[in-house]
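Working notes, structure below.
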Amino acid sequence: MDTEPESLTVCEGEPPAAVSPLVQRTRQLLHRRMKVEITDGRVMIGNFHCLDKQGNLLLVNTVEQRIKKRPGSEEGEPELEQRNLGLVLIPAEHRVAAHLELSPVEGEDPKWLNPVEILKEGAQVIEPEMEAS
């Protein structure tokens, strides 16, 4: 009797079922703020929403950042350009690095953590505090 391999797709709203520990740990990352660097040098910062079997990431409320040199500026001073993109699918082959934002302390710059560390056996993720509506 042939059995299908377990799905590695992790998306919000999946029915609870017997899933592997890797999928359970990946679910801990849902809704966490993630910074993803892609091959063309841009950086996408958004909330982690989904990961499919191929390793493609889906981010929501995403902001794209890129460094651009201003024409005519002295010494080619770089300028950080940002734009809101909303929902973004990042193919695995274009992803250079991905990091999770640790809960920021007021007045400090955000700190980023490599999600691979969280997916290791026995790692725990501290849930972010939800804002009161």
| said: Using a 1.4 Å probe on the protein heavy atoms only, what accessible surface does Val19 show? Give it in Å² to the nearest 10. | reply: 40
| task | Work out how much length Glu79 to Glu64 would gain on full extension: take 0.36 nm times their residue separation and subtract the Cα-Cα distance, in nm to one decimal. | result | 4.0 nm
| Amide hydrogen neighbours beyond the local backbone of Leu85, cut-off 5 Å, H modeled | Thr62, Val63, Glu64
| message | Taking θ = phi - 60°, what integer Hz values does the Karplus form 6.51 cos²θ - 1.76 cosθ + 1.60 yield along segment 45-61, in sequence order, with x for Gly and Pro? | response | 10, x, 8, 5, 10, 7, 9, 9, 4, 7, x, 6, 9, 10, 10, 10, 6
| remark: Sorted by chain and then number, the residues having a modelled amide H within less than 5 Å of the amide H of Leu102, at least 5 places away or on another chain, are Lys111, Trp112, Leu113
| request: Please give the length that would be gained between Glu101 and Arg27 if that part of the chain were fully extended, namely 0.36 nm times their separation in residues minus their C-alpha to C-alpha distance (nm, one decimal). | output: 25.1 nm
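The values are calculated or read from the model by the stated rules, or taken from the named source; none is laboratory data. Just so it is clear, the structure is predicted and the values come from calculations on it, not from any experiment. What goes into the accessible areas is simple: the full protein's heavy atoms, side chains included, and nothing from ligands, DNA or RNA. Shrake-Rupley method; radii C 1.70, N 1.55, O 1.52, S 1.80 Å.
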